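The values are calculated or read from the model by the stated rules, or taken from the named source; none is laboratory data. Just so it is clear, the model here is predicted, and its values are computed rather than measured. Backbone-built Cβ (ideal geometry, glycine too); neighbour counts: all protein chains shown.
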Amino acid sequence: MPPTDGRANQNSATCPACGAPLSGDVERCPHCGTELGRPGGRFATRLLAPPSPLPEGYVLQGRYRILQVEQDDVDRVTYRAEDALACGHCGHVHQEPAAHCDQCGAELTQPAQLTLVESQLQPTTAYDAHIRYRGRDYFVTYIQPEPVLADVTTVTAETPALRWGQCTDVGRQRPHNEDAVSCYVHLATGRPPLALLQVADGLGGQDAGEVASHLAIETAWDLVCDQVWLPHLRGESLTLDRIEAALRQAVQAANRAVYETRTQQGTNMSTTFTAALLLGTQVVVANVGDSRAYVMDGDGLRRVTRDHSLVQRLVDDGRIAPEAIYTHPQRHLIYRSIGDQPTVEADLYRLELADGDRLVLCSDGLWEMTRDDGLEEALLAEPDPQRACQRLCRLANLAGGEDNITIVVAELASAAPAKEE
């Protein structure tokens with residue numbers, strides 16, 4: 001801990017002004033630039049409080065680095081800063097420095113951005129953290145990270161890269177969005193891409209369906225993070241069998257979480273769940289309900305999953321034509337979902353993707369409105385995964401938007417496109 005008596009001691013392990021670690025016999029802190037006087041020297045009184053405004057490069061509490069002063073008013077100073085303990089990719093705050101984010105797996109090379117307000121008065125707007133430092137008050141508000149969508153990262157010439165996009169929309173006829181979507185992607189130099197892509201369509205009416213879909217996705221991620229993500233970051237070898245087992249366990253964990261919450265709250269909530277766990281070119285897809293997974297390759301669009309719905313059974317039994325799936329009065333009845341029963345059986349599929357292949361996950365609010373022909377046409381028309389997602393959402397709304405619309409598009413590439421000169 002830095003000294004609290006206001007004296008700058010060169011033998012101390014930390015800067016008395018900003019708390020940053022010091023090494024060697026230095027006269028100025030390399031982190032915040034504060035001059036370091038000896039006990040009783042001419043700088044001792046000045047270090048009772050940090051300078052105001054804080055200079056660029058100043059590190060507050062050994063963590064918050066000042067990037068610039070945005071506004072200097074009489075009663076407050078507003079800074080742009082970064083948090084060395086927060087991930088710039090997903091915003092997760094860590095308890096101690098780390099090489100990778102334990103929430104999303106990203107390398108912690110870009111700290112999260114934030115607004116820091118120095119003021120004697122508590123702000124009237126919401127803030128994320130309050131710091132009391134050497135007699136001054138600072139209020140922290142994190143700047144939400146921009147979603148990394150449709151990005152291209154080249155791993156190596158031999159290692160595939162991944163581009164992806166996601167989109168969710170309430171549609172035109174539902175009062176709120178009960179769908180949930182997440183894309184956890186880890187890209188690191190010299191290593192195959194790792195991704196967990198998830199789509200869930202909540203059932204059970206207002207609030208309950210939304211709770212079920214988000215709870216399923218969050219619970220599944222927690223297990224995959226523990227069983228696959230962190231071992232991958234530690235350099236452990238992951239077999240396809242291990243990946244499949246982890247995804248199967250994730251489905252069971254999600255089902256238990258939703259079922260227990262449903263029982264405790266006395267609701268009838270449940271959710272569909274479609275997830276893809278990708279490592280390099282290998283993919284395992286899990287499905288419960290009537291959200292879907294597709295693959296778009298050189299032969300066109302093909303559906304990977306089979307709906308757990310009444311109309312799909314009628315099609316399989318030859319009692320209705322495949323086209324009737326879109327118009328049958330009982331087309332929304334599903335017989336298997338996450339959280340409906342204490343246990344659930346998921347369908348699992350193994351895929352091998354080639355360069356340029358696209359993996360698509362979506363809720364029924366998309367595939368019912370666009371149908372397979374419209375889905376394929378939009379994917380062919382938009383080479384960028386994020387724009388393809390947005391185009392498909394628009395098409396579903398133009399067709400009526402009868403349900404919430406959610407889609408993920410991920411594309412495997414052997415290398416990033418060459419930059420134009």
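This table checks each residue for (1) surrounded by fewer than 18 Cβ atoms within 10 Å (Cβ to Cβ); (2) at pLDDT 95 or above; (3) closer than 16 Å to residue 201 by Cβ; (4) not basic (Lys, Arg).
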position	(1), (2), (3), (4)
313	yes, no, no, no
317	yes, no, no, yes
322	yes, no, no, yes
328	yes, no, no, yes
331	no, no, yes, no
350	yes, yes, no, no
392	no, yes, yes, yes
- prompt: In the set 215, 230, 277, which member is among the aliphatic types (A, V, I, L, M), out of contact with any Leu (no Cβ under 9 Å at 6 or more places or on another chain) and surrounded by 22 or more Cβ atoms within 10 Å (Cβ to Cβ)?
  reply: 215
field: Filter result (within 23 Å of the chain's Cα centre (by Cα) and either buried (at least 18 other Cβ atoms within 10 Å of the Cβ) or of a type in the set (Val, Ile, Thr) (or both)) within region 254-265
entry: 254, 255, 257, 258
- request: Residues that are among the basic types (Lys, Arg): find the helices (runs of 4 or more DSSP H) completely inside region 201-276 holding 2 or more of those.
  value: 240-265
message: Which count do you get for residues in region 281-323 that are over 27 Å from residue 255 (Cα atoms) and in contact (Cβ under 8 Å) with a residue 40 or more places away in the chain?
response: 6
message: Show me the strands (runs of 3 or more DSSP E) entirely contained within region 35-152 in which 2 or more residues are at pLDDT 75 or above and among the polar types (S, T, N, Q).
response: 64-72, 111-119
